[in-house]
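A short worksheet on the structure shown next.
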Number of protein chains: 2
Amino acid sequence: MKKAVPAVSGILVGFLAATVFFADFTTQGTSTSATPTGEKSTAEKVYIPFGQQDEYYMFASGGHSGQLFVYGVPSMRRIRTVPVFSPDSATGYGFDKETKEMLGGFRWGDFHHPAFSEKNGEYDGKYMFATDVANNRVAVMDLSTFVVKDILKVPNTVGPHCAAFVTQNSEYLFLPTRFSAPIGQQYASLDDYKTKYNGFMSAVKMNEKTKKLEVAWQVKLPPWSYDLSDAGKKVSGDWAVVTTYNTEEATTNMEINASQKDRDYILLFNWRELEKMVREGKADTINGVKIIDPLKVKSGLYLVPVAKSPHGVDVTPDGKRFIASGKLAPAMTVFSFEKAFEAIKNNKITEQVKGIPVLDYASVMEREVNPENALGPLHTQFDDKGMAYTTMFISSEIVKWDPNTGKTLDRVPVQYSPGHSVSAEGDSVSPDGRYIVALNKLAKDTYLSVGPSHPESMQLIDLASDKMRVIQSAPVDPEPHYAQMIKADKIKTIEVYPKDETNPNAVYQQKNARIERKGNEVHVYGLAMRSKFIFDDKAKRKDTIEVKEGDKVVIHLTNVDFDEDITHGFGINGYDQDIEVQPGETKTLEFVANKAGTFPLYCTNFCSALHQEMNGYLLVQPK
Amino acid sequence: MKKAVPAVSGILVGFLAATVFFADFTTQGTSTSATPTGEKSTAEKVYIPFGQQDEYYMFASGGHSGQLFVYGVPSMRRIRTVPVFSPDSATGYGFDKETKEMLGGFRWGDFHHPAFSEKNGEYDGKYMFATDVANNRVAVMDLSTFVVKDILKVPNTVGPHCAAFVTQNSEYLFLPTRFSAPIGQQYASLDDYKTKYNGFMSAVKMNEKTKKLEVAWQVKLPPWSYDLSDAGKKVSGDWAVVTTYNTEEATTNMEINASQKDRDYILLFNWRELEKMVREGKADTINGVKIIDPLKVKSGLYLVPVAKSPHGVDVTPDGKRFIASGKLAPAMTVFSFEKAFEAIKNNKITEQVKGIPVLDYASVMEREVNPENALGPLHTQFDDKGMAYTTMFISSEIVKWDPNTGKTLDRVPVQYSPGHSVSAEGDSVSPDGRYIVALNKLAKDTYLSVGPSHPESMQLIDLASDKMRVIQSAPVDPEPHYAQMIKADKIKTIEVYPKDETNPNAVYQQKNARIERKGNEVHVYGLAMRSKFIFDDKAKRKDTIEVKEGDKVVIHLTNVDFDEDITHGFGINGYDQDIEVQPGETKTLEFVANKAGTFPLYCTNFCSALHQEMNGYLLVQPK
């Protein structure tokens, strides 16, 4: 690396880890009064009166909650919690047959990065993708219903932290691994780390027709940690970039041992070319997956040196540059895709590392940017003028700067320690430049205390004038690692599920409600309506299910209230069973009646003045 | 019943169930501008600038989420989600040994009513109690940590919907049952409902020293549904009141069959007297529980007729009156405790029902209140002047009225269909009269759409002037059935868990971190600190746990960062294990290593600039 960027010394590393610096915020305006010029007061900027709605949806990852949090912006009100990777008592997610199978028995997830589907580099408002660092899964949510449609457990993929990020026409989402492990997570001693462990990157596709996810192909990578990533846009549309750390290949005490070298790499790859190699049979097939080995192919993958342990790497809206943030070095580095393409063409290769050519730093780097006393740069977002906003974890601020010149334009303190940030339509080819939200890791005493464990904090920053202004602080459950913000009118939801007369489990007319016994299986075809359950229209008690101990009980339940906002719940007291049926929806609940007795069943979702009377019984006769 | 209140006819019942009426809200102010008089604008009234904090905590039940939602008022920001009756991926609640055992294997809960502990009828800010309608449990949360300390599964208790409510010095919390069932939920045909099914009421106590809950005694009740309840205060401090419905003892099609009679009852009981009977040996002992049978005792329990299918019953702050709300009758009925005591003394008994004397309605009733066109009264709260605020589910409004005169004082539309409401310190002997929050069941198009399923909605109403004003709408997850609001300065939280040198599982010094094998059990005594795990200080890799397939693994983990807001998570990739250790806390995770392989472990809670490096491995050698 010809021009080293300033690196934080080893001693300082420990110090940084234990201490949080706070930028001076004595000048931060907290007045709520309207200005004399008639501008809205801070309070009024975030207030949505009844009858009006928010301008943007913000979809924030819920981290180790396994959930997605949906907020309205600018009010910063949390409108919905969508369960994704963990079961949910509130909606019966993980209890009905379909979602139980989809969750695969896992009790928790670690939802890292959300990504909207894109068309021509714009969010199209159709789907949201998500990845699970805990149990190596990827999910897709349908934005017409806000419900997860598929979850895929991705083989050879250990902690897809830097995903999901999608290409500009949603051809792929890529999942590089944060952790290295032997293929298939087989056992191998850490003494054999360099030879038996690997990183992986998976190219996942969604079948638009079935809404199912599938692994298209994978790339075997050196045993490093792969951190954040971004897909190219326009001129760089066939490319993607990923940060790496622990290129030291350390196996213990990572805070010291993975921070030894003064540089790590950005991994650049041309997915169009890799896809072509797979088509041409240049990939190995291991356990049914096509895997590209960099040692066996000559192109498609490149490394660029970068200041040690980078966190974020972000492609500018015009697709011309990618910006890496130092984490342990107080600098952002601006790289040029065009210079990188030129360097590849002209073979500006300094060495080969594990079969991957390393591009000459100076030939690709455009500018190193080092705002005074700004520490811990993590992640960059953009506005409508192409200006960059980088979160500073250690100095607790957002710095606005010009990627064309490196000039610092503005700084605003945030409370405290921002990880990511998200600007309005900020990962698209045309950010809105309206708002940016800092996703802060520490709240300290920002809110009323809720014990030793504090909430995280999100702060809304107004970008309407040249001077950034924090206008709202919203506490948030663990833990938004990243978010995306989309114009409200891009999301088109349905109000009720349409009737599906071809669904053999659905019952839309009371006269068709019935209970059928097949051996020791009892199949219930029932319906829910304000304010009763009908399981068997011919029975003396239509709202009772009576079975024998040991029977397998299969309950198909249709909500026949085709009416906005009339969701019914179905819970069985003492039997630990719980599902939800939204207006027009049919769900299936399966369980074995392994306990004899009398168990009231009831609607859990308040649905009418007689909701309280919407109950019946599950009776299980003893053997 | 001498003077029948107007009852809704059977035909109208079906109509009400299917239709929601909306009150006219064209006059509702939505302006955000400051008034010329200098009064704060609506937006400013709910805006808390950085550096200031909310005035009140609101603790809202999360219904079938099984969780508790903690809000700040007036900002209506949700500060914390506390898992209570269902496991929680975000905090590892239900994953560590202690909370896993506490949850008892249940995957969901239906948190109905929260209740603060009280001293002299005032919230004392020490504990919060909660009940679970789904799986018949009661919980206690410590308000110094916001963590659940105990959960008790209450025998013979089927759907404790109307609980928890506590007596004025927290002597008891009472859990009457919404559903009737045979004792111990044994099997019995619904044909034998009148003879074999019963309601129950449980008196539960907390042992202040151990923080454990226990059943003190129970009362066997007729097979009706017991709905809402309240404990007496001051003059009525030894008493409590419970609404009933389905005194018809119907077993099917409840929306019609449980609404046949034009009256149900309020159950009054003198818990001091019942407690004495138990002491005097007048209770039966069934399955180890002392149970009072009304057929065998002569006093302590009374019924008062009330307009059909009442929902709420609420004791006035002065303890002199209780107010029942009609649900299916458009009236609130004001009863007098003093008149009831007089009626009991003078034996004004009209009949005995299932061994319980029925007091003469006219002798106890003080006033029937029927605001014009106000439909579906459910629940009443109070202000500092003793004025009553009743939610109207069907006409979607809150009506303010004077219990002394029955006069309607004010009405405000809410959006839409309020169930309960909560006023500041509203269940205490001295409500604050500052705010009331309507807990609305339907949001319709109040917020950006999130699909066929909508959030519920909470609306904050300012009581500063004689005219109620809705000043904020906050979407909320399913489903706040009830809430309590407490002055912020009453809650005293701790910042970090104190060191407990007597805890054999805790490790506060790195040199004591160790792994001990006992047969096929591996015991890890480890610690978490910014930014590493230390499991075995003497090992080559201190942050690796290596075991054999089939071993039982017991990991004790202490967070030695005694520093505000520095929580560590501990997740094992691919092993579905996840716990959280708050500052200073020690937790235990137990599991069987039933899968060989390589599994990275990592900190899930962002804790420092080197959080990403806080990882190690669980290695499971194959058999």
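Just a few scattered comments:
- Every test in (1) at the interface with chain B (Cβ under 10 Å from one of its Cβ atoms); (2) touching a residue at least 24 places away in the same chain (Cβ under 8 Å); (3) acidic (D, E); (4) farther than 26 Å from A:V166 by Cβ is passed by A:D445 save one, and that test is (2).
- Of residues in region B:95-125 being over 16 Å from the mean Cα position of the chain (by Cα) and in a loop (DSSP other than H, G, I, E, B), the one nearest to B:D314 (Cα to Cα): B:G121
- All positions within region A:238-291 that are assigned to a strand (DSSP E or B), at pLDDT 95 or above and of a type in the set (K, R): A:K290
- A:S465, sole failed condition from (1) crowded, with 23+ Cβ neighbours inside 10 Å; (2) over 30 Å from B:S144 (Cα atoms); (3) small (G, A, S): (1)
- Among the residues of region A:72-83, the ones that are touching an Asp or Glu at 6+ places or on another chain (Cβ under 8 Å), more than 8 Å from chain B (Cβ to nearest Cβ) and either among the hydroxyl-bearing types (S, T, Y) or under 18 Å from A:D132 (Cα atoms) (or both) come to 1 in all.
- Unmet criterion (only one of (1) at pLDDT 95 or above; (2) buried (at least 23 other Cβ atoms within 10 Å of the Cβ); (3) of a type outside the set (A, V, I, L, M)) for A:E479: (1)
- Residue within region B:434-446 that is under 28 Å from B:D318 (Cα atoms) and over 19 Å from the mean Cα position of the chain (by Cα) present: yes
- Here B:S236 passes the criteria (1) touching a helix residue (DSSP H, G or I) at 6+ places or on another chain (Cβ under 7 Å); (2) under 23 Å from B:Y197 (Cα atoms) except the one numbered (2).
- Criterion (closer than 27 Å to B:K126 by Cα, of a type in the set (V, I, T) and either in contact with an Asp or Glu (Cβ under 7 Å, 6 or more places away or on another chain) or not assigned by the TED database to the domain that holds B:G319 (or both)) met by exactly one of B:V241, B:V215: B:V241
- A:N169 passes every criterion in (1) in contact with a Phe, Trp or Tyr (Cβ under 8 Å, 6 or more places away or on another chain); (2) under 30 Å from A:P498 (Cβ atoms); (3) of a type in the set (S, T, N, Q) apart from (1).
- The lone exception for B:F335 - which of (1) closer than 29 Å to B:Y435 by Cβ; (2) over 24 Å from the mean Cα position of the chain (by Cα); (3) assigned to a loop (DSSP other than H, G, I, E, B) it fails: (3)
- Condition met for A:T91 (in contact with a Gly (Cβ under 9 Å, 6 or more places away or on another chain), surrounded by 20 or more Cβ atoms within 10 Å (Cβ to Cβ) and among the hydroxyl-bearing types (S, T, Y)): yes
- A:N120 being more than 15 Å from A:Y172 (Cα to Cα) and not assigned by the TED database to the domain that holds A:I579: no
Every residue, every condition in (1) surrounded by fewer than 23 Cβ atoms within 10 Å (Cβ to Cβ); (2) among the basic types (K, R); (3) modelled with pLDDT under 95, yes or no:
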site	(1), (2), (3)
A:L359	no, no, no
A:S363	yes, no, no
A:K385	yes, yes, no
A:M392	no, no, no
A:I398	no, no, no
A:W401	no, no, no
A:T408	yes, no, no
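- Matching option when the condition is surrounded by fewer than 23 Cβ atoms within 10 Å (Cβ to Cβ), touching a residue at least 12 places away in the same chain (Cβ under 8 Å) and either of a type in the set (D, E) or more than 25 Å from B:K308 (Cα to Cα) (or both), among B:K212, B:K194: B:K212
- Yes/no for A:I461 being out of contact with any helix residue (DSSP H, G or I) (no Cβ under 9 Å at 6 or more places or on another chain) and over 23 Å from A:V84 (Cα atoms): yes
- Which listed residue is more than 14 Å from A:E208 (Cα to Cα) and either buried (at least 23 other Cβ atoms within 10 Å of the Cβ) or in contact with a Ser or Thr (Cβ under 6 Å, 6 or more places away or on another chain) (or both), from A:V154, A:V147: A:V154
- Single residue of A:M102, A:M58 found to be farther than 11 Å from A:D132 by Cα, more than 7 Å from chain B (Cβ to nearest Cβ), surrounded by fewer than 24 Cβ atoms within 10 Å (Cβ to Cβ) and in contact (Cβ under 8 Å) with a residue 12 or more places away in the chain: A:M102
- Condition check for B:P176: touching a helix residue (DSSP H, G or I) at 6+ places or on another chain (Cβ under 6 Å) and in contact (Cβ under 8 Å) with a residue 12 or more places away in the chain: no
- Applying the criterion of at least 1 residues that are at the interface with another protein chain (Cβ under 8 Å from one of its Cβ atoms) to the strands (runs of 3 or more DSSP E) found wholly in region A:465-530 leaves A:469-476.
- B:P176 within 10 Å of chain A (Cβ to nearest Cβ) and under 30 Å from A:A596 (Cα atoms): no
The values are calculated or read from the model by the stated rules, or taken from the named source; none is laboratory data. Quick caveat: nothing in here was measured; it's all calculated off a predicted structure. Quick reminder, even Gly has a Cβ in these numbers, built from the backbone with ideal geometry, and neighbours come from all protein chains shown.
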